């Protein structure tokens with residue numbers, strides 16, 4: 001293996017780390033300091049951001065250093081620890097995203113009724129259940145069902161995809177079905193049903209108020225925005241994880257000599273890259289949350305800059321905070337009256 005290959009993978013891991021740590025850290029920080037933002041859908045976003053942040057800050061620096069050395073330098077214990085964290089955080093993100101897609105569908109389906117299938121407490125319970133579900137699958141290799149080993153070019157660790165042992169193969173097959181096929185099916189089905197719900201709402205609006213009515217036009221805008229969001233989320237999910245799942249399945253079925261080490265490492269890094277663009281998709285494309293995050297950052301900045309001043313300055317700070325909050329509330333109210341909120 002040439003030094004250039006290791007250098008390329010070291011740079012890729014470093015870029016993912018440099019982007020993933022601050023982006024996910026910002027999301028976690030805002031949610032921690034602004035608990036009122038944690039409604040049902042945002043609980044899933046916070047869970048994804050936390051798991052991605054944990055992976056970026058604990059595992060990616062080790063990948064950068066190992067690639068710089070051209071070999072894994074942290075021994076068997078480090079291999080098992082990083083593989084466990086990587087699998088747990090990755091599966092936690094995947095499962096929370098799939099449940100979040102169902103939450104979006106249920107919200108649209110019961111939009112005009114009093115039934116609330118996902119309250120804040122329900123979302124928290126589902127998110128915790130997904131974390132435990134991911135914990136089960138990531139603990140199994142440590143408990144004797146399969147195991148962890150070096151993968152690809154030998155600078156990162158994962159499960160034994162290339163093993164022909166029946167115990168290892170049974171775990172790998174169950175992992176692909178339970179942690180890839182299942183969430184992808186939920187994701188695609190839920191967002192397809194979201195589109196159907198919006199299409200039906202558009203048809204009803206057109207039939208009731210006419211094609212040129214403001215409500216019909218706003219509904220068309222909502223449909224277009226949902227389709228863009230649906231496309232971005234689905235493509236990002238599949239681009240990140242499908243190559244890794246396919247290569248792993250080929251390695252499991254065809255044997256260790258079919259896939260080269262470099263070829264095996266490329267999709268693994270594609271999957272790792274999801275940790276840095278998840279916050280962009282699930283937060284910075286969510287307009288209302290983005291406004292609230294901007295307000296929270298400005299509010300905390302005002303608080304830190306005025307810390308330790310006189311009581312008059314404190315009153316001025318409170319006045320500024322109220323003014324900013326009023327601005328956000330007025331903006332949200334205007335958005336609600338004049339155009340549909342981004343789903």
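The values are calculated or read from the model by the stated rules, or taken from the named source; none is laboratory data. Given the structure is predicted, the values throughout are model-derived calculations rather than measurements. Here Cβ is always computed from backbone atoms with ideal geometry, including for glycine, and neighbour counts include all displayed protein chains.
Numbers below:
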read-out	value
Within the stretch 79-108, considering residues that are surrounded by fewer than 23 Cβ atoms within 10 Å (Cβ to Cβ) and free of Cβ contacts under 8 Å to residues at least 60 places away in the same chain, the one nearest to residue 135 (Cα to Cα)	88
Residue within the stretch 91-99 that is over 19 Å from the mean Cα position of the chain (by Cα) and assigned to a helix (DSSP H, G or I) present	no
Yes/no for residue 192 being modelled with pLDDT of 90 or more and either surrounded by 22 or more Cβ atoms within 10 Å (Cβ to Cβ) or under 21 Å from the mean Cα position of the chain (by Cα) (or both)	no
Residue that is nearest to the chain's Cα centre (by Cα) [pool: residues in the stretch 1-19 that are without any contact (Cβ under 8 Å) to a residue 24 or more places away in the chain and within 18 Å of residue 152 (Cα to Cα)]	11
Test: residue in the stretch 145-165 that is free of Cβ contacts under 8 Å to residues at least 12 places away in the same chain and either closer than 18 Å to residue 86 by Cα or in a helix (DSSP H, G or I) (or both)	no
Unmet criterion (only one of (1) surrounded by 18 or more Cβ atoms within 10 Å (Cβ to Cβ); (2) modelled with pLDDT of 75 or more; (3) part of a helix (DSSP H, G or I); (4) touching a helix residue (DSSP H, G or I) at 6+ places or on another chain (Cβ under 8 Å)) for residue 230	(2)
Unique residue being more than 16 Å from residue 150 (Cα to Cα) and either free of Cβ contacts under 8 Å to residues at least 24 places away in the same chain or out of contact with any helix residue (DSSP H, G or I) (no Cβ under 9 Å at 6 or more places or on another chain) (or both) when the list is 76, 61, 41, 22	22
Filtered residue count, the stretch 33-85, keeping only those that are in a helix (DSSP H, G or I) and more than 14 Å from the chain's Cα centre (by Cα)	28
